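Colleague: One structure follows; several queries about it will come next.
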Amino acid sequence: MITERQSQILKAIVEQYAEVASPVGSNLLAKVFNVSSATIRAEMAELVRYGYIMQPHTSAGRIPTDKGYRYYVNELTEGQLENEDRRAEKAIAIRVQDGGVPERVIRNAVDTLVELTHNLGIATIGNQLYMSGLSNLFGQPEFVSPGHVRQVAELLDNLEPWLREVAPNQPLNVYIGQENPIGRSAGVSLIISRFRSAFSDHSYIGVLGPTRQQYRDVMMLVKRAGQELEEVLDGR
């Protein structure tokens, strides 16, 4: 069990790393928490010991592990997924409600998620998987090696059959890094929302991106997209 201060430091590391894609050092956190760098380093050492953060061998800073991201996501409350920028929610609602035929409605929702999250957007349309934003995904600094790109491509090849077979049943599902049942070593997070539609009671929309995510914002947007699609498409 980590302390409250360690929890807040972990949260700061997750959010700062998502913002700058660079390991987070003790000097920055010392200013944020108004304590000495030595105090921060001691707390970071405990977080490393517990497996929530790690130190890349080329840097003095720290980055979150999958376990650290999972802790962060689990600590998010329902309220934190609601009290965000209403302009983004409105953009999703407008694109969904003005979409026309169901296929276009779903594509519009995915394209909007791509624009808002800068991730790869995905959705099931019947037995097919619609994807948009591949350049966003492979433009991230995490995916510079051909081997890593190949691992992500293999995950994408198997994603639609896996969704059809497993049918995740939570309204919002978050699979972080090695939690992914396919592509465990691809270093990505899959955030998907289940919704009912004329195609299936288990249709999905979401995003795929590096584990380095603004989880609160992305989860809120994916959840909202699923809700809007269900309101518009359920019963058509």
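Colleague: Enter the angle in degrees (range 0 to 90, nearest 10) between the Cα long axis of helix 86-97 and the first principal axis of the Cα atoms of the chain, meaning the one along which they spread out most.
Modeller: 20 degrees
Colleague: Kindly state, to the nearest 0.05, the FRET efficiency for Leu76 paired with Arg41, given R0 = 25 Å and r defined as their beta-carbon distance.
Modeller: Details: r = 27 Å, r/R0 = 1.08.
Here the calculated transfer efficiency is 0.40.
Colleague: So how tilted is helix 66-75 from the main axis of the chain? Cα-based, degrees 0 to 90, rounded to 10.
Modeller: Tilt of helix 66-75: around 70 degrees.
Colleague: So, one more: Direction-averaged shadow area of the convex hull around the Cα atoms of the stretch 4-75, nm²?
Modeller: Values: hull surface 17.6 nm².
Over every viewing direction, the Cα hull of the stretch 4-75 projects on average to 4.4 nm².
Colleague: Along the three principal axes, how long is the stretch 79-233 when you take its alpha carbons, biggest first, rounded to the nearest angstrom?
Modeller: Over the stretch 79-233, Cα extents along the principal axes are 40, 32, 26 Å.
Colleague: What full-extension length gain, to one decimal in nm, is calculated for Gln128 and Ala198 as 0.36 nm per residue of separation minus the Cα-Cα distance?
Modeller: On the way: separation 70, 0.36 × 70 = 25.20 nm, distance 1.41 nm.
Additional length available on full extension: 23.8 nm.
Colleague: Another one. Would you work out which of Gly133, Ser7, Ala198 lies farthest towards the positive end of the dipole of the chain, given +1 charges on the beta-carbon of Lys and Arg and -1 on that of Asp and Glu, about the Cα centre?
Modeller: Ser7
Colleague: Using the scaling law 2.2 N^0.38 Å as the reference, what is the normalised Cα Rg of the stretch 64-147?
Modeller: Values: Rg = 15.7 Å, N = 84, 2.2 N^0.38 = 11.8 Å.
Relative to the rule-of-thumb radius for its length, the stretch 64-147 sits at 1.32.
Colleague: Measuring from label point to label point, each 7 Å out along Cα→Cβ, what is the Ser7 to Asn27 span in nm?
Modeller: 3.1 nm
Colleague: Now for a separate question. Mind checking the angle between helix 4-20 and the chain's longest principal axis? C-alpha axes, 0 to 90 degrees, to the nearest 10.
Modeller: So the helix axis and the longest Cα principal axis differ by about 60 degrees.
Colleague: Give me the one-decimal Kirkwood hydrodynamic radius in Å for the stretch 100-139, with the sum taken over alpha-carbon pairs. Kindly include the intermediate steps, with their values, before the conclusion.
Modeller: On the way: mean 1/r = 0.0981 Å⁻¹.
One decimal place: 10.2 Å for the Kirkwood radius.
Colleague: A follow-up question, please. Given a cut-off of under 8 Å on Cα pairs at least six residues apart, what relative contact order in percent is computed for the stretch 4-75? Could you put the intermediate results ahead of the total?
Modeller: Numbers: 82 pairs, mean separation 25.3, N = 72.
Relative contact order of the stretch 4-75: 35 percent.
Colleague: At a 10 angstrom cut-off on C-beta neighbours, averaged per residue, how do the peptides 22-35, 217-230, 157-170, 61-74 rank from highest to lowest?
Modeller: Details: 22-35: 16.0, 217-230: 23.1, 157-170: 13.9, 61-74: 20.2.
In descending order of packing, they fall as 217-230, 61-74, 22-35, 157-170.
Colleague: Less than 29 Å apart at the alpha-carbon level, and either on another chain or at least 8 residues along: which lysines does that give for Lys67?
Modeller: Excluding near neighbours in sequence, the set is Lys11, Lys31, Lys223.
Taken together, the values in this text are just the output of simple stated rules run on the coordinates, not laboratory data. Computed from a predicted structure; not experimentally measured. No Cβ is skipped: glycine too gets one built from the backbone with ideal geometry, and neighbour counts run over all protein chains shown.
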